[in-house]
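Following: one structure in structure tokens, then a few remarks.
The values are calculated or read from the model by the stated rules, or taken from the named source; none is laboratory data. Predicted model, so just to flag it, every value in this text is computed and none were measured. Backbone-built Cβ (ideal geometry, glycine too); neighbour counts: all protein chains shown. Calculation scope for accessible area: heavy atoms of the full protein, side chains included, ligands and nucleic acids excluded. Shrake-Rupley method; radii C 1.70, N 1.55, O 1.52, S 1.80 Å.
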Amino acid sequence: MYFSVHMMPIEDSYNITFQTWNEVAQVYQDKFMLLDLYNDTYDLFCKSINDPKAKILELGCGPGNITRYLLQQRPDWDITGMDVAPNMVALAQANNPTARFLVMDVRELDSFTGSFDGVVCGFCLPYLSKADCAKLIKDVAHLLSPGGLFYCSTMEGDYEQSGYEAASTGHQSYVYYHQAAYITEQLQEHGFGNIQLIRQQHPGRTQIEIIFIAKKNSEANPHS
């Protein structure tokens, strides 16, 4: 059942979602830590970055399942991960002792400093509004080195159908649907090119998942 985002302040819906992710961290790890559905797309990301000691930033890292897979393929990568849920960060650090993790809201990414060869954002966008998605893409562009790679994924659908959805545990989170055209437009606006779009369907779900791998243009700075 869906509820309009206008029924309560958007910050309240974010806080409910963040609390849910913190409370279900262990359940999420048990269910998804070994999921291999997206490994072929992670492989594309890995093969597209030549530096054996690349600096990688993972946004919305959860229990560190993506970071663990990346390090299995590229063990010398220098990976930093962040998540808004402290329990997720604790699990991620335990699962990946050679990486670094911190508790941080990706909406505050403009306060984060550093330069990265790649940024991974696996299914973080479904929990961000259109405006916050646009800001995240802009912030990622500023953190990426010229030619750096951005991997992001979300669920495709009509934004107006966004609303609360319940997990198997009964916890609720506010899920935003985004259209591929909108994400592509934002990537292009903020200085990304060579955009690869992959569509696939998760077994047991009706929604189409969309995955983007895009390269920051070398010849131009992203729009401010």
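Taking the stretch 114-214, how much of its Cα-Cα pair set, in percent, is spaced more than 21 angstrom apart? Every Cα pair in the stretch 114-214 considered, those over 21 Å come to 33 percent.
Taking max minus min of the alpha-carbon positions on each principal axis, the stretch 9-56 gives extents of 43, 25, 17 Å, largest first. Counting protein heavy atoms only, the chain has 51 percent of its accessible area on carbon and sulfur, 1.4 angstrom probe.
How big is the gap, in Å, between the Cα center of the stretch 4-80 and the Cα center of the stretch 144-172? Taking the Cα centre of each part, the stretch 4-80 and the stretch 144-172 sit 11 Å apart. Using the Cα coordinates of the stretch 83-171, the gyration tensor eigenvalues translate into equivalent-ellipsoid semi-axes of 23, 20, 11 Å, sorted from longest to shortest. According to the calculation over all Cα-Cα pairs in the stretch 6-114, the P(r) per 5 Å bin from zero is 2, 12, 21, 21, 20, 13, 7, 3, 1, 0 %.
Amide H to amide H, with H built 1.01 Å from N, Phe112 comes under 5 Å of no residue 5 or more places away or on another chain. For the stretch 155-224, the mean projected area of the C-alpha convex hull, equal to one quarter of the hull surface, is 6.1 nm².
The residues of the chain expose on average 47 square angstrom of accessible surface per residue, using a 1.4 Å probe on protein heavy atoms.
When you count the other C-beta atoms within 10 angstrom of each residue and take the mean per peptide, 62-71, 129-138 line up highest first as 62-71, 129-138. For Lys130, the lysines whose Cα comes closer than 25 Å to its Cα, not counting residues fewer than 8 places off in the same chain, are Lys138, Lys215, Lys216. Annotation note: trypsin sites (Lys or Arg not before Pro) in the stretch 141-224 located in DSSP loop regions with a Cβ neighbour count of at most 11 within 10 Å are Arg205. Dividing the Cα radius of gyration of the chain by its Kirkwood radius returns 0.93 for Rg/Rh.
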